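Peer 1: My structure is below; once you've seen it, I'll send some questions.
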Amino acid sequence: MDTKDLLKKVRKIEIKTRRLSDHIFSGEYHTSFKGRGMTFSEVRQYQYGDDIRAIDWNVTARYNEAHVKVFEEERELTMMLMVDISGSESFGSNKEFKKDIITEIAATMAFSATTNNDKIGLILFSDQIELYIPPKKGRSHVLRIIRELIEFQPKSNKTDLAQALKFLSSTQKKKAIVFLMSDFMVKDYEHTLKIASKKHDITGIRVYDMREEKMPNLGMVQMTDAETGETLLVDTSSKTVRMNYEKHYQDQLNYFKETFRKSGSGVVNTRVDESYVKKLLGYFKSR
């Protein structure tokens, strides 16, 4: 992709996701993810309805008139976007690939954080850490993140969620709001998720395609594993083959749900042909 096409695509994603974050998500995001505590703001005259426990007795005695302390939420947060860019994310049976939807979701979350003056960082991973962008503020920083999401080419096609979560724990010493985006078609990350979730507020956003749920009956089909490159001739007309495929898919889905539930982390499931806007809004409101 040349520079002109890349800039056009970045701009297109910015326009779409900025509108969503400004009008829909920024308020929900602010409400769902709290700051680190309350900090002193000012002292003002007591008003009807104020909590009497907030009265500043020293100032009240000095002016012979009731005054209260006002506290504000210490808002600044750090958002970390963890994005799976392994080979399976380039699958899509409709108009869009899974990675396209993930890019839009990540951009929407990033602009929502920017609206709240929070820092945003990015971790792109496969079975290794492909790219790390430390958290910073600002529109230009978000645009850089979007550019990387669009054009970055991974060195590996495989997936290792445990490795990515270890890297998160080693680099982010303070609590962060973490959105982990993947199709979660792997296992063996229960332990590292449990450790990371003790410090961070983690949400797993699972993006999947309808063709991954069930194998259609198409006769003998040559299939290639997007992550290993292995090619097999599969008899999709076999009921046993289709049942085994669906069982494998369901096992991975159940592992994802149970692992996140046990760690106390949030979960969002969205199919590429569904509205991720409704799914995310529903999730924020449920918090």
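Peer 1: Scan the stretch 187-243 residue by residue and report those that are charged (D, E, K, R) and in contact with a strand residue (DSSP E or B) (Cβ under 6 Å, 6 or more places away or on another chain).
Peer 2: ASP201, ARG206, ASP235 - these are the residues of the stretch 187-243 that are charged (D, E, K, R) and in contact with a strand residue (DSSP E or B) (Cβ under 6 Å, 6 or more places away or on another chain).
Peer 1: Name the pairs: first residue in the stretch 93-112 and closer than 15 Å to ARG147 by Cβ and in a helix (DSSP H, G or I), second residue open to solvent by 10 Å² or more (accessible area, probe 1.4 Å) and β-branched (Val, Ile, Thr), Cβ to Cβ under 6 Å, at least 6 apart or on different chains?
Peer 2: So the pair list comes out as ALA107/ILE13.
Peer 1: ILE146 is checked against (1) surrounded by 15 or more Cβ atoms within 10 Å (Cβ to Cβ); (2) assigned to a helix (DSSP H, G or I); (3) over 16 Å from the mean Cα position of the chain (by Cα) and fails just one. What number does that condition carry?
Peer 2: Among (1) surrounded by 15 or more Cβ atoms within 10 Å (Cβ to Cβ); (2) assigned to a helix (DSSP H, G or I); (3) over 16 Å from the mean Cα position of the chain (by Cα), ILE146 violates only (3).
Peer 1: Do any strands (runs of 3 or more DSSP E) entirely within the stretch 184-287 hold 3 or more residues that are open to solvent by less than 30 Å² (accessible area, probe 1.4 Å), touching a residue at least 12 places away in the same chain (Cβ under 8 Å) and closer than 21 Å to SER86 by Cβ, and if so, which?
Peer 2: Answer list for the stretch 184-287: 201-208.
Peer 1: Spot the failing condition for THR103; the list is (1) over 15 Å from the mean Cα position of the chain (by Cα); (2) modelled with pLDDT of 90 or more; (3) open to solvent by less than 80 Å² (accessible area, probe 1.4 Å), and only one is missed.
Peer 2: For THR103, the failing item is (1).
Peer 1: For the stretch 170-177, state whether one or more residues are touching a residue at least 24 places away in the same chain (Cβ under 8 Å), of a type in the set (Gly, Ala, Ser) and in a helix (DSSP H, G or I).
Peer 2: Within the stretch 170-177 (the criterion being touching a residue at least 24 places away in the same chain (Cβ under 8 Å), of a type in the set (Gly, Ala, Ser) and in a helix (DSSP H, G or I)), the answer is no, since none of the residues qualifies.
Results for (1) closer than 20 Å to HIS141 by Cβ; (2) at pLDDT below 70; (3) part of a strand (DSSP E or B); (4) open to solvent by 30 Å² or more (accessible area, probe 1.4 Å), shown as yes or no for each residue.
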{"position": "MET1", "(1), (2), (3), (4)": "no, yes, no, yes"}
{"position": "ARG19", "(1), (2), (3), (4)": "yes, no, no, yes"}
{"position": "VAL68", "(1), (2), (3), (4)": "no, no, yes, no"}
{"position": "PHE71", "(1), (2), (3), (4)": "no, yes, yes, yes"}
{"position": "MET79", "(1), (2), (3), (4)": "yes, no, yes, no"}
{"position": "SER88", "(1), (2), (3), (4)": "no, no, no, no"}
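The values are calculated or read from the model by the stated rules, or taken from the named source; none is laboratory data. Quantities reported herein were computed from a predicted structural model and do not represent experimental measurements. Ideal geometry is used to build each Cβ from the backbone, glycine not excepted, and the neighbour counts take in all protein chains shown. Surface accessibility is based on the protein's heavy atoms, side chains included, excluding ligands, DNA and RNA. Shrake-Rupley method; radii C 1.70, N 1.55, O 1.52, S 1.80 Å.
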